[in-house]
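Below: the structure, in structure tokens.
The values are calculated or read from the model by the stated rules, or taken from the named source; none is laboratory data. Since this is a predicted model, take the numbers as computed values, not measurements. FYI the Cβ positions are ideal-geometry reconstructions off the backbone, even for glycines, and counts take in every protein chain you see. To get the accessible areas, we keep the full protein, side chains included, count just its heavy atoms, and leave off ligands, DNA and RNA. Shrake-Rupley method; radii C 1.70, N 1.55, O 1.52, S 1.80 Å.
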Amino acid sequence: INISGGPVADPELWGFGSVVKTIFFSIGGAMIFLTCMAGQLNSQVNASFCMLDYCNNYFAVFTMWVALGIEFSGLLHSSYLLQMLVVKLSGQEVVSKQKPRSAFESAFFWFRCFGSLAVLCFCCAVTFVALYNRQTTMWEGIPPTVSLIIFLILMSVVGMLEGMQIAFFAVSKIPASERGESYFAKKTCDLLFQDGGNNLPGFMIGRQLSVVTCMFFVARVTSVSLEEGEENIFGVPDALQSLFNTGLLGALMLTIVGSIAWQLVASAFPIGFLSSPITYVFLSVCLIFEATGVCSGAWVIAKIHKVIAGFQKDEVYIGTAEERAMKNMNDDSKRLHTGAGTIAPLPAYQVAAPSSLKKLMESNKAVAEFIRALSKNDLTESEQEDTA
């Protein structure tokens, strides 16, 4: 998209003034708004309310299999290493109900992880060498070090917004009582689900506008562009240099470090992600962006799509989490697949526990093990009841 509709210098179209040309063509505003409203936001608005209907088609199945194929290739497996590192540093444990890997599966998994890590390091090396050699599409006059700092900041912003999206969807289908005791987690959820939950798709609009804007700037840092006669980066053959020039290496680096790794962390610790004050600040900023109305066309496109497709809210089919609990239709914990990259709430014993008990669990391992044992016993009893 950046190649086909990226910013151009000194454009001429329909006699527009210099201000309009700078905003929409030189900076890339026209492609940003088109990409957001027509290509992304209308789908996200409907999917945030109508998840079941949105997935109930063969194209969703096709998309899932393509995504699983890309994941199986291992090209992006270094994101799992980043997630493991964050989990290790947090001192917590992600409990998985997946069966243990066999020796072959473990070897294949780690082979893909380290292979992906090698590819990621190579992508970073090519991008940073090109940046400091002034062989990217970055604007003239901006020093390479400043460009690198801005790039790292914007990549962190994009990662935070990607993780917020996963965390918000994780908590949207669980009762309010299971959303933790943190002040900012409660404050974030109150803001997100007020006015009938319309702030969730509103956040999606503001978030996507922010992400696409950041990406268009970041793409200028990571897109390699050599002048005629310049030596290829690392002296590689012309065919490989042509691959560098497409910006694919920068896109791969951004996907792993600035997107997937953050999503995996948020999926493992959605409540912890919501407990950060940065999450609340970013949510407020995204809602302000949406309130400006610059991308309100997405609501119109989404409404037309919803009417044509006959989408209905998920609550029409399954009710709210509270309604399911009242009818003794609680979520079946045995059918929840947990693990890396899977959205799942933390055990209720730990999420809904009083703050004093949480502190005691942190300071006394025996108490923590006892609480976990209670949770396991409850699951065992429910299995026995179902068998009976």
Exclusive hit being at negative phi, open to solvent by less than 20 Å² (accessible area, probe 1.4 Å) and not small (Gly, Ala, Ser), set 204, 215: 204
Check on residue 279, crowded, with 21+ Cβ neighbours inside 10 Å, within 15 Å of the chain's Cα centre (by Cα), under 19 Å from residue 154 (Cα atoms) and among the polar types (S, T, N, Q): yes
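One line per residue, one yes/no per condition, for (1) on the phi > 0 side of the Ramachandran plot; (2) surrounded by fewer than 16 Cβ atoms within 10 Å (Cβ to Cβ):
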position: 119; (1), (2): no, no
position: 123; (1), (2): no, no
position: 130; (1), (2): no, no
position: 135; (1), (2): no, no
position: 141; (1), (2): yes, yes
position: 145; (1), (2): no, yes
position: 151; (1), (2): no, no
position: 156; (1), (2): no, yes
position: 160; (1), (2): no, no
Only listed residue being more than 18 Å from residue 184 (Cα to Cα), polar (S, T, N, Q) and in contact (Cβ under 8 Å) with a residue 12 or more places away in the chain, chosen from 284, 276, 259: 259
Per-region count, region 233-276, residues surrounded by 17 or more Cβ atoms within 10 Å (Cβ to Cβ) and outside any helix (DSSP H, G or I): 4
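Residue by residue, here is whether (1) out of contact with any strand residue (DSSP E or B) (no Cβ under 8 Å at 6 or more places or on another chain); (2) at pLDDT 75 or above; (3) in a helix (DSSP H, G or I) holds:
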{"position": "288", "(1), (2), (3)": "yes, yes, yes"}
{"position": "301", "(1), (2), (3)": "yes, yes, yes"}
{"position": "312", "(1), (2), (3)": "yes, yes, no"}
{"position": "323", "(1), (2), (3)": "yes, no, yes"}
{"position": "328", "(1), (2), (3)": "yes, no, no"}
{"position": "337", "(1), (2), (3)": "yes, no, no"}
{"position": "343", "(1), (2), (3)": "yes, no, no"}
